[in-house]
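First up is the structure itself, then whatever we jot down about it.
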């Protein structure tokens, strides 16, 4: 498929010339994508503060705990709150601590043989998670 672009460019209408360019569809699309990428990158570089501010969530960070893919508990972080959560899992009860803006599995974890989940430490940021594979426990910050 060919696209024909007609450009007119003269001040005097009697001497007006027409320039006809035949561009293949591939060249046309590649040119459009590169121009779009260039304008998008210029926009992003010029507006980095605005974009960073828009990515911040307007609400408090949230957490959720699932066992075997099923939601067991969920909530939001509260700065001055310390709460012990006892989560029933396959091998007993997991001891999870919610403290301020962080959540972690307590060191006295007796339900997990290798205790990797308690060694992972506290999570605080969106996207972080703690997993205990033997018990199918997942603690996630949203």
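The values are calculated or read from the model by the stated rules, or taken from the named source; none is laboratory data. Note that the structure is predicted; figures quoted are calculated from it, not measured. Counting neighbours? That spans all protein chains shown, and the Cβs are built from the backbone with ideal geometry, glycine included.
Can residue 56 be described as exposed (fewer than 14 other Cβ atoms within 10 Å of the Cβ), at pLDDT 95 or above and either within 23 Å of the chain's Cα centre (by Cα) or under 19 Å from residue 128 (Cβ atoms) (or both)?
Values: exposed (fewer than 14 other Cβ atoms within 10 Å of the Cβ): yes; at pLDDT 95 or above: no; either within 23 Å of the chain's Cα centre (by Cα) or under 19 Å from residue 128 (Cβ atoms) (or both): yes.
The answer is no for residue 56.
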I'd like to verify a number: residues in segment 72-123 that are loosely packed, with under 15 Cβ neighbours inside 10 Å and more than 28 Å from the chain's Cα centre (by Cα), how many? 12
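So that you can scan it fast, the table gives a plain yes or no per residue for (1) outside the structural domain of residue 132 (by TED's automatic domain parsing); (2) modelled with pLDDT under 80; (3) in contact with a strand residue (DSSP E or B) (Cβ under 6 Å, 6 or more places away or on another chain):
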site	(1), (2), (3)
41	yes, yes, no
50	yes, yes, no
85	no, no, yes
95	no, no, no
99	no, no, yes
106	no, no, yes
120	no, no, yes
